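Single-structure report; data block below.
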Amino acid sequence: MKLSSMEKKIIEESIRDIKDFPKEGIVFKDITTLLNNKKAYGVLMNHLYQKYKERNLQYIAGIDARGFIFGAALAQMLQIGFVPIRKKGKLPYTTISEKYALEYGIDEIEVHIDAFGEEKGARVLIIDDLIATGGTANAAATLVKQTGAVCVECCFIIGLTFLDGIKKLEQKTQVYSVIEVN
Ligand code: AMP
């Protein structure tokens, strides 16, 4: 299920570029202008539904925090469960966690140990708004595997192809970006 060039344009034009946020040299892709545009948000969510409805998924795992918005909506459309992968210290029950490198320092994400059910092998789609270096998504895929579930694919609304995050993540799992930014 491919996006038409018109649909792609609607989504692309709804995303706002903010230069030098949160610091100089970064072009921040602002998806709030996609979310408040009912046509663009609708085109995007319908595309994701059509793309994933026959993949036999059991859970969508959304990455803190913008991955929750797309992931929770898609999980409802697919009539499957939603699992939040959160920054350290936010989840109340027993968790497993994974550290990953940032430009300066490290960060850590975690997931509830029982989030993907008691049986091993649940089929999971990971979703986030954007992949840059791929550090966050890589840690998320590691976490999903550590619970005994299967990461079927990682899905991003925006893929920054001038960084090598997508290539690195592809060594671990399938990767799909709705929009590519070169
Ligand atoms: P990374 O781990 O480097 O792939 O970074 C991905 C995470 O950082 C995602 O959760 C994004 O929301 C956020 N992020 C990184 N770069 C940008 C950017 N240029 N615009 C918006 N969000 C970004």
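For residues that are among the polar types (S, T, N, Q) and under 21 Å from the mean Cα position of the chain (by Cα), scanning just segment 1-32, find the one that is least open to solvent (accessible area, probe 1.4 Å). Give the steps one after another, and end with the answer.
To start, the set of residues in segment 1-32 that are among the polar types (S, T, N, Q) comprises 4-5, 14, 32.
Checking the rest, the ones that are also under 21 Å from the mean Cα position of the chain (by Cα) come to 14, 32.
Details: S14: 7, T32: 72 Å².
Among those residues, the one meeting the criterion is S14.
Identify, please: which residue in segment 58-71 is within 15 Å of the chain's Cα centre (by Cα) and more than 16 Å from T32 (Cβ to Cβ) and is, among those, farthest from the ligand (Cβ to nearest atom)?
Y59
Restricting the search to segment 36-53, which residues are crowded, with 17+ Cβ neighbours inside 10 Å and either free of Cβ contacts under 8 Å to residues at least 12 places away in the same chain or not basic (K, R) (or both)?
Here is the first cut: in segment 36-53, the residues crowded, with 17+ Cβ neighbours inside 10 Å are 37, 40-41, 43-44, 47-48, 51-52.
N37, A40, Y41, V43, L44, H47, L48, Y52 - these are the residues of segment 36-53 that are crowded, with 17+ Cβ neighbours inside 10 Å and either free of Cβ contacts under 8 Å to residues at least 12 places away in the same chain or not basic (K, R) (or both).
Could you list all residues from segment 144-158 that are surrounded by 23 or more Cβ atoms within 10 Å (Cβ to Cβ) and within 16 Å of the ligand (Cβ to nearest atom)?
Listed by number, the residues that qualify are V144, C154, C155, F156, I157.
Only one residue in K90, K168, K99 is among the basic types (K, R), within 10 Å of the ligand (Cβ to nearest atom) and out of contact with any Leu (no Cβ under 6 Å at 6 or more places or on another chain). Which one? Reasoning before the result, please.
Numbers: K90 fails: within 10 Å of the ligand (Cβ to nearest atom); K99 fails: within 10 Å of the ligand (Cβ to nearest atom).
After ruling out the rest, the residue left standing is K168.
Of all residues being assigned to a strand (DSSP E or B) and more than 12 Å from the ligand (Cβ to nearest atom) in segment 107-143, which is farthest from M77 (Cα to Cα)? Just the residue, please. Lay out the reasoning, then the answer.
Of the residues in segment 107-143, the ones assigned to a strand (DSSP E or B) are 107-112, 123-131.
Filter again for more than 12 Å from the ligand (Cβ to nearest atom), leaving 108, 110-112, 123-125.
On the way: E108: 30, E110: 25, V111: 23, H112: 23, R123: 17, V124: 15, L125: 14 Å.
Within segment 107-143, the match that is farthest from M77 (Cα to Cα) is E108.
The values are calculated or read from the model by the stated rules, or taken from the named source; none is laboratory data. What you see is a predicted model; the values in this text were computed from it and never measured. Glycine also receives a Cβ, built like all others from the backbone with ideal geometry; neighbour counts cover every protein chain displayed. What goes into the accessible areas is simple: the full protein's heavy atoms, side chains included, and nothing from ligands, DNA or RNA. Shrake-Rupley method; radii C 1.70, N 1.55, O 1.52, S 1.80 Å.
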